[in-house]
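S.K.: Below are the structure tokens for one structure; questions will follow.
The values are calculated or read from the model by the stated rules, or taken from the named source; none is laboratory data. This is a predicted model, so every value here is computed, not measured. As a convention, Cβ positions derive from the backbone with ideal geometry for all residues, glycine included, and neighbour counts pool all protein chains shown.
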Amino acid sequence: MTDNQRGALYMTASMAGFAVEDVFVKAAAKGLPLGQVLLTIGLLGMLTFAAMAARAGEALLPPAFLSRPMLVRCGFEVTGRLFYGLAITLTALSTTSAILQATPLVVVAGAALVFGERVTPQRWLAVLVGFVGVLVILRPGADFSALSLLAVVGLLGFAGRDLATRAAPKGLSNRQLGALGFAMLAAAGAILLVVTGGAKVPSGLGLLYLAGGTVFGVSGYHALTYAMRTGEVSAVTPFRYTRLIFALVLAMALFGERPDLATWVGAALVVGSGIVALRR
């Protein structure tokens, strides 16, 4: 198996984990403020990765955390989490989701500009076709509120985080990167909670949702870090689109939704473009 194939598998597994995490976060946010949900999952995820790092004999606060790539990564991480959280709270979810799916395009462009990776015309075309597939699935409305710019800032934050992960010092393990990443999620949640207020004591079911979100969030983040450090960024990134496929399956299994023809056509474009990008 090549590095690109291995990275693609990690990315696909990551998107599956995040899709399931979204189910738990959505359920938890019905009874708790979004900021509190993100803060709690961030703290639990940070402690989980920190325990894994300690068990492996790794430093919990290595000097590399203060390196320029890591500081940049932290800034992008908080920006992405914070503004995307605000976007899904203040704007239509379909519009916000459509904007976020442009992240791979930004990452591929950044890989070419920052790391000098060679991006062939065929791979550019595959990424663009995948993006078209996302738009076919989501069918965003023509109205574009100024508040949607929050989602644009969020996607730039996530793209910058992924590129900075690629530039992270090789001496840092995925466990250390995971602990730092979830610490930034907690920071973003704390900022949101300060802005919105309304913290509550979670119910037993709420605690279960938070625990589920943490487990799948940690798994997804762990796989994402592996993916972005394995193979070429421009080959691995298009597999982010698979998150929509997993979301469709979960919607059908858990909520009884039945996607229409346009949704299936868009899903086929997403999967097909990912396969083409990998083969290229």
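S.K.: Residue pairs, Cβ under 8 Å, 6 or more apart or interchain, first in the stretch 91-116 and over 9 Å from L155 (Cβ atoms) and at pLDDT 70 or above, second among the basic types (K, R) and in a loop (DSSP other than H, G, I, E, B). List them.
M.R.: Final answer for the pair search is A112/R118.
S.K.: Can I ask one more? Assuming A262 fulfils every condition listed in (1) of a type outside the set (S, T, N, Q); (2) exposed (fewer than 14 other Cβ atoms within 10 Å of the Cβ); (3) not in a helix (DSSP H, G or I) apart from one, which condition is it?
M.R.: A262 satisfies all of (1) of a type outside the set (S, T, N, Q); (2) exposed (fewer than 14 other Cβ atoms within 10 Å of the Cβ); (3) not in a helix (DSSP H, G or I) except (3).
S.K.: May I pose another question? Which pairs have Cβ atoms under 8 Å, sit 6 or more apart or on different chains, and link a residue in the stretch 263-280 that is more than 14 Å from R240 (Cα to Cα) and of a type in the set (V, I, T) to one that is at pLDDT below 75 and assigned to a helix (DSSP H, G or I)?
M.R.: Filtered contacts from the stretch 263-280: T263/I137.
S.K.: Let me ask something else. Given the condition within 15 Å of the chain's Cα centre (by Cα), closer than 16 Å to E21 by Cβ, in a helix (DSSP H, G or I) and not hydrophobic (A, V, I, L, M, F, W, C), answer yes or no: does some residue in the stretch 188-201 qualify? First the steps, then the outcome.
M.R.: Filtering the stretch 188-201 for residues within 15 Å of the chain's Cα centre (by Cα) gives 188.
Remaining after also requiring closer than 16 Å to E21 by Cβ: 188.
Checking the rest, the ones that are also in a helix (DSSP H, G or I) come to 188.
From the residues that got through so far, the ones that are not hydrophobic (A, V, I, L, M, F, W, C) too are none.
Within the stretch 188-201, none of the residues are within 15 Å of the chain's Cα centre (by Cα), closer than 16 Å to E21 by Cβ, in a helix (DSSP H, G or I) and not hydrophobic (A, V, I, L, M, F, W, C).
S.K.: Within the stretch 218-226, does at least one residue satisfy the condition of being more than 23 Å from V106 (Cα to Cα) and at pLDDT 80 or above?
M.R.: Here is the first cut: in the stretch 218-226, the residues more than 23 Å from V106 (Cα to Cα) are 218-219.
Adding the requirement that they be at pLDDT 80 or above leaves 218-219.
The answer is yes; a qualifying residue exists.
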